[in-house]
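Beneath this line is the structure, given in structure tokens, with notes to follow.
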Amino acid sequence: MEAPFVLAKLITLVLSLAVAYLAYHGYRRNGREPMLYVSAGFVFIGAGAICEGLIYLVFGTSILSAGLIQAVIVSSGLILVLVSLTK
């Protein structure tokens, strides 16, 4: 029962890291600072995709606390992407 959930989280992580890599590559090629923000934002989004379960299992927190931490991490990534769009 956990396998599809873990697989979905890993796919999300891999996809977000692929976008982050491409954005970083774009930054290195063109020197456009907003691409650096996009890259960092997607790293945060990818980390947020897997952190809830890890925090819950490793640190033994409540699922509510783990979900709150995940929401903060993902929101931070989205803020970075938003900043890149306004630059």
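Overview of results
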quantity: Net lengthening on full extension, Leu15/Thr86 (0.36 nm per residue, minus Cα-Cα); calculated: 23.2 nm
quantity: Helix 2-30 axis, angle to the chain major axis (alpha carbon atoms, nearest 10°); calculated: 20
quantity: The range 42-84 - percent of accessible surface contributed by carbon and sulfur, probe 1.4 Å; calculated: 83
quantity: Inter-label distance for His25 and Ile63, nm, one decimal - labels placed 7 Å from Cα along Cα-to-Cβ; calculated: 3.9
quantity: Volume in Å³ per residue [convex hull over Cα atoms, computed for the chain]; calculated: 81
quantity: Ser76-Arg32 pseudo-label distance in nm [points 7 Å out on the Cα-to-Cβ vector]; calculated: 2.6
quantity: 0 to 90° range, to nearest 10: angle between helix 33-59 axis and the chain longest Cα axis; calculated: 10
quantity: Nearest-10 value in Å² for the accessible area of Tyr24, using the 1.4 Å probe; calculated: 90
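The values are calculated or read from the model by the stated rules, or taken from the named source; none is laboratory data. Please read these numbers as outputs of a predicted model, since none were measured by experiment. Cβ: placed from backbone, ideal geometry, glycine included. Neighbour counts: every protein chain shown. Note: accessible area is taken over every heavy atom of the protein model, side chains too, but ligands, DNA and RNA are not part of it. Shrake-Rupley method; radii C 1.70, N 1.55, O 1.52, S 1.80 Å.
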